[in-house]
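The values are calculated or read from the model by the stated rules, or taken from the named source; none is laboratory data. Everything numeric in this text was worked out from a predicted model, so none of it was measured. Backbone-built Cβ (ideal geometry, glycine too); neighbour counts: all protein chains shown. Heavy atoms of the whole protein, side chains included, go into the accessibility calculation; ligands, DNA and RNA do not. Shrake-Rupley method; radii C 1.70, N 1.55, O 1.52, S 1.80 Å.
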Amino acid sequence: MNKLLIVLGAPNDHLGNLSQIAEDRLACVYNFYYANNDFKLVCTGGFGQHFNTTDKPHYYYAKKYLTDRGIPVDAFLKCPSSSNTIEDFQMTKDLVLEEQPDILVILTSDFHLTRARALYHRIINYPRVIFIPAPSSLPEEQLLPLLAHEEKALKKLNDTASI
């Protein structure tokens, strides 16, 4: 059985230290993988002023987090150097269609899941997909602005016919 998990990128600082959002997502990937170690993994994320200004793509830090915890390097497929959620899906679409997984898992933060799902259906729309929300451990004062951003972005997405 062909199984694929795509974890969406999240911020890291100028030194490559993962944000709490990224760590929450990757901890969820780690736990999922150790219960389902027959999945191939794809970490997304490249560079961007709002999430990664280092000389290495975000996916480098995400893969390092996971391999440092024992996930084998050969569990990973090619990781795209995307700069936002739209690009995450645009840059993994061909891979999904080539791999034709029996099950595809998209993993992102709980607060990001609704918009990610809407974008996924507009861009990839592969039928055998499951969405997994990584529980956020952010304090409320950090989470509330993110929820407001997601609500605004989802409204804008729903108001447009295409991305």
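Odds and ends about this structure:
- For region 56-158, relative contact order (Cα pairs under 8 Å, six or more residues apart, normalised by length) works out to 25 percent.
- Amide hydrogen proximity for Val105: with H placed 1.01 Å from N in the peptide plane, the residues at 5 or more positions away or on another chain lying under 5 Å are Leu4, Leu5, Ile6, Ile130.
- Straight Cα distances below 23 angstrom link Lys3 to the lysines Lys40, Lys63, Lys64, Lys78, Lys93, with same-chain residues fewer than 8 positions distant left out.
- Derived scalar couplings ³J(HN,Hα) [region 31-42; Karplus, 6.51 cos²θ - 1.76 cosθ + 1.60; whole Hz; x for Gly, Pro]: 5, 4, 4, 6, 8, 9, 7, 9, 8, 8, 10, 10
- Residue-normalised accessible area of the chain, given per residue in Å² at a 1.4 Å probe: 52 Å²
- DSSP bridge analysis restricted to the chain gives an antiparallel fraction near 10%, rounded to the nearest 5.
- Vicinal HN-Hα couplings computed from phi for region 81-95 (Karplus, 6.51 cos²θ - 1.76 cosθ + 1.60; Hz; Gly/Pro x): 8, 7, 10, 6, 5, 4, 5, 3, 7, 4, 8, 10, 4, 4, 4
- Quarter of Cα convex hull surface for the chain, i.e. mean projection, nm²: 9.2 nm²
- Working from the Cα coordinates of region 1-94, the gyration tensor eigenvalues give, after taking √(5λ), semi-axes of 21, 15, 10 Å in decreasing order.
- Loop-located chymotrypsin sites (Phe, Trp or Tyr not before Pro) in region 26-125 whose Cβ has at most 16 other Cβ within 10 Å (DSSP): Phe47
- Two-site FRET efficiency, Asp94 against His14, from Cβ-Cβ distance with R₀ of 30 Å, rounded to 0.05: 0.45
- With both labels modelled 7 Å from their Cα along Cα-to-Cβ, the Ala75 to Lys56 distance reads 1.8 nm.
- Sparse-neighbourhood loop sites, trypsin sites (Lys or Arg not before Pro) in region 41-97 - DSSP loop, at most 15 other Cβ within 10 angstrom: Arg69, Lys78
- Taking 0.36 nm per residue of separation and subtracting the Cα-Cα distance, full extension of the segment from Leu138 to Tyr34 would add 35.0 nm.
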